[in-house]
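Written out below as structure tokens is the structure these notes cover.
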Amino acid sequence: QVQLVESGGGLVQAGGSLRLSCAASGSTFRRNRMAWYRQAPGKQRDLVADISSGGTATYKDSVKGRFTISRDNAKNTVYLQMNSLKPEDTAVYYCNAFDYVRDYWGQGTQVTVSS
């Protein structure tokens with residue numbers, strides 16, 4: 001079992017920055033693929049960025065160059081650094097872990113970007 005707890009969301013003006021954190025329980029963290037998804041009102045949940053156990057990251061096109069995903073295996077934590085935020089980044093952001101058997105989800109953290 002993996003439990004995920006997100007933090008770091010909030011309200012920020014356009015052009016600002018936020019860093020999301022996701023603390024994971026369990027002993028398999030370093031082997032898990034970790035990811036951040038987001039869901040805006042009335043829209044489906046979309047992948048924002050993911051990072052493999054080896055540290056290889058991929059990004060949604062609209063966040064490339066602005067967002068950075070990273071992981072600290074010693075702290076069982078994955079981060080999402082979000083810079084140059086835009087109003088269209090407003091959404092609930094969810095942490096995801098995949099242990100190659102099933103997906104695990106956090107409760108979500110709200111990010112609101114005002115124009």
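With unit charges on the beta carbon (Lys/Arg positive, Asp/Glu negative), name the residue among PHE98, GLN44, GLY16 whose Cα is farthest towards the positive pole of the charge dipole of the chain.
PHE98
Expressed as a whole percentage, what fraction of the accessible surface of segment 53-98 belongs to carbon and sulfur atoms when a 1.4 Å probe is rolled over the protein heavy atoms?
In segment 53-98, the share of accessible area belonging to carbon and sulfur is 47 percent.
Measuring from label point to label point, each 7 Å out along Cα→Cβ, what is the LEU11 to ARG102 span in nm?
Between LEU11 and ARG102, the simple spin-label model gives 3.8 nm.
Kindly sort LYS60, LYS43 by accessible area of their heavy atoms, largest first, with the probe set to 1.4 Å.
Numbers: LYS60 60, LYS43 135 Å².
From most accessible down to least: LYS43, LYS60.
Among the lysines, which fall within straight-line cross-link reach of LYS43, defined as a Cα-Cα distance under 19 Å, with same-chain neighbours fewer than 8 residues apart omitted?
Hits, sequence-local ones excluded: LYS60, LYS86.
Taking only protein heavy atoms into account and a 1.4 Å probe, give the accessible area per residue of the chain in Å².
52
Around TYR100, what is the net charge, scoring Lys/Arg as +1 and Asp/Glu as -1 over all other residues with Cβ under 15 Å from its Cβ?
+1
Only Cα pairs under 8 Å and at least 6 apart count here; give the relative contact order of the chain as a rounded whole percent.
Working: 278 pairs, mean separation 41.6, N = 115.
It rounds to 36 percent for the chain.
Calculate, in nm to one decimal, what ALA57 and SER114 gain on full extension: separation in residues at 0.36 nm each, minus their alpha carbon distance.
My answer for the length gained is 17.7 nm.
If you count the DSSP beta bridges with both ends in the chain, what percent of them are antiparallel, to the nearest 5? Please report the intermediate quantities before stating the final value.
Details: 37 of 41 bridges.
Counting DSSP beta bridges with both partners in the chain, the antiparallel share is about 90 percent.
On a full-extension model of 0.36 nm per residue, what is the gain between ASN83 and SER70, subtracting their alpha-carbon distance, rounded to one decimal in nm?
3.3 nm
The values are calculated or read from the model by the stated rules, or taken from the named source; none is laboratory data. If you're wondering where the values come from, they're calculated on a predicted model, not measured in any experiment. Ideal geometry is used to build each Cβ from the backbone, glycine not excepted, and the neighbour counts take in all protein chains shown. Each accessible area value is taken on the protein alone, full model and side chains, heavy atoms only, with ligands, DNA and RNA left out. Shrake-Rupley method; radii C 1.70, N 1.55, O 1.52, S 1.80 Å.
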